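What follows is one structure encoded as structure tokens, with my remarks underneath.
The values are calculated or read from the model by the stated rules, or taken from the named source; none is laboratory data. Here the structure is a predicted model, which is why all the values come from computation and not from measurement. Cβ placement follows ideal geometry from the backbone for every residue including glycine, while neighbour counts extend to all protein chains displayed.
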Amino acid sequence: MTDTVDEVDLPYDDDASQQDKIEALEERLEVLESQNEEMRDKLLDANAENNKYQQKLERLTHENKKLKQSPLFVATVQELTDDGVIIKQHGNNQEAITEVTDEMRDDLEPDSRVAVNNSLSIVKSLEDETDVRARVMEVEESPEVTYQDIGGIEDQLEEVRETVEMPLKNPDMFEEVGIEPPSGVLLHGPPGTGKTMLAKAVANQTDATFIKMAGSELVHKFIGEGAKLVRDLFELARQHEPSVLFIDEIDAIAAKRTDSKTSGDAEVQRTMMQLLSEMDGFEERGEIRIIAATNRFDMLDRAILRPGRFDRLIEVPKPDIEGREQIFKIHTRKMNLDEELDFAQLADMTGEASGADVKAVCTEAGMFAIRDDRTEVRMQDFLDAWDKIQAEDEEEDISRTFA
Ligand SMILES: Nc1ncnc2c1ncn2[C@@H]1O[C@H](COP(=O)(O)OP(=O)(O)OP(=O)(O)O)[C@@H](O)[C@H]1O
């Protein structure tokens with residue numbers, strides 16, 4: 001192989017006859033030709049092989065791309081063991097053990113979120129939980145709702161101010177008197193009665209950041225991550241001090257324990273335990289106030305109502321006739337109204353309406369005026385609006401009954 005032309009040693013002795021020299025050279029030529037042939041064959045084979053590998057490489061690159069493009073599932077790393085990484089898939093809570101490259105392993109730690117493919121191999125490690133937070137936690141630096149926007153629930157408003165606003169504005173007073181302010185306030189009552197508004201208004205009044213998280217989203221959309229999200233939620237509240245942490249639909253996390261032992265229940269339990277431990281370990285509460293809300297007070301696990309947790313219960317009922325009148329006045333403040341409008345009659349006729357219903361009537365009345373090409377809203381528009389909303393509610397009730 002390494003022979004170069006200069007190094008070729010001649011296949012005859014110097015003193016050989018001319019004829020012998022020719023024969024020897026011809027013999028050598030023949031050998032070289034056959035060797036050359038052989039090498040050319042090998043080269044062709046190698047080229048063919050190379051082609052084959054090239055195609056394989058292309059196929060694998062394509063496959064790799066496809067794997068990364070096809071929908072991936074989200075999972076959370078549970079543990080890094082010598083046998084592989086234990087992951088738990090979101091949505092179905094399925095646990096699996098999967099192998100990863102050393103580089104990927106360096107990137108992972110328990111609680112990391114990862115994307116996995118159909119065969120549960122980890123394809124990539126996902127960004128921090130900030131995106132998850134953004135999806136479930138609503139953060140408002142200073143909500144616009146004020147106490148003047150809330151009607152018909154003066155006593156409740158007063159109580160919220162006393163238990164949430166005072167400790168935020170005047171923590172020293174509690175210290176001087178020598179009592180602990182209530183740690184959590186639980187607002188309970190029918191939907192649309194102003195519970196969220198109360199929490200927002202108090203955050204506004206105290207210049208606190210309003211952080212909202214819905215219990216149902218926590219346990220249904222992010223199965224497997226509930227406990228972690230609760231931790232994140234409190235962390236977020238600490239970062240934004242002073243803050244009002246509003247947990248809506250707390251019944252989704254803190255429902256009474258049932259006998260069934262489904263994994264969903266276990267997950268909800270874990271989320272609730274995390275919430276309780278965050279509340280219990282909350283020493284310096286001055287700057288963070290916790291308000292929770294529920295429409296299903298009867299369903300709550302009593303553990304959540306123990307002293308030091310949500311120990312101040314405030315019922316927020318549907319407004320009475322005077323309350324409705326006030327709420328009508330609030331929601332029509334910016335409307336161009338006919339002078340004849342009779343608020344007392346509106347309040348009287350909207351018997352079972354919640355604050356949210358009253359607001360809907362006002363908006364709908366405005367729509368009736370617009371349809372009629374008017375800018376002034378009349379009593380008849382409100383009457384039509386109330387009829388329409390009642391009819392819609394009935395339809396909803398019927399479809400719920402038959403659902
Ligand atoms: N007491 C009220 N005064 C004025 N407006 C109200 C009142 N209650 C409800 N509303 C109107 O209804 C909307 C919904 O109310 P809010 O979200 O505060 O109710 P909620 O009790 O938190 O309801 P849910 O239990 O369904 O979360 C408010 O944005 C507001 O426009």
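Structure summary
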item	result
Residue within segment 140-150 that is in contact with a strand residue (DSSP E or B) (Cβ under 7 Å, 6 or more places away or on another chain), modelled with pLDDT under 95, in the same structural domain as R302 (by TED's automatic domain parsing) and closer than 28 Å to P307 by Cβ present	no
Positions within segment 326-371 being within 19 Å of I153 (Cα to Cα), assigned to a loop (DSSP other than H, G, I, E, B) and not basic (K, R), in sequence order	T332, T350, G351, E352, A353, S354
Within segment 137-152, considering residues that are under 19 Å from G192 (Cβ atoms), surrounded by 14 or more Cβ atoms within 10 Å (Cβ to Cβ) and of a type in the set (D, E), the one farthest from the ligand (Cβ to nearest atom)	E138
Segment 199-216, subset hydrophobic (A, V, I, L, M, F, W, C) and assigned to a strand (DSSP E or B), residue farthest from the ligand (Cβ to nearest atom)	I211
Any chance L186 is surrounded by 12 or more Cβ atoms within 10 Å (Cβ to Cβ) and assigned to a strand (DSSP E or B)	yes
Criterion (crowded, with 16+ Cβ neighbours inside 10 Å, closer than 30 Å to E278 by Cα and touching a residue at least 24 places away in the same chain (Cβ under 8 Å)) met by exactly one of V316, V361	V316
Of residues in segment 68-112 being basic (K, R) and at pLDDT 85 or above, the one nearest to G224 (Cα to Cα)	K88
Hits in segment 283-321 (condition: within 12 Å of the ligand (Cβ to nearest atom) and not basic (K, R))	I291, A292, A293, T294, N295, F297, I314, E315, V316, P317, P319, D320
Condition met for G366 (outside the structural domain of V145 (by TED's automatic domain parsing) and either surrounded by fewer than 20 Cβ atoms within 10 Å (Cβ to Cβ) or within 16 Å of the ligand (Cβ to nearest atom) (or both))	yes
G323 in a helix (DSSP H, G or I) and more than 16 Å from G151 (Cα to Cα)	no
Scan of segment 178-198 for residues that are more than 8 Å from the ligand (Cβ to nearest atom) and at pLDDT 90 or above, ordered by number	V185, L186, H188
Residue check for D155: part of a helix (DSSP H, G or I), surrounded by fewer than 22 Cβ atoms within 10 Å (Cβ to Cβ) and within 13 Å of the ligand (Cβ to nearest atom)	yes
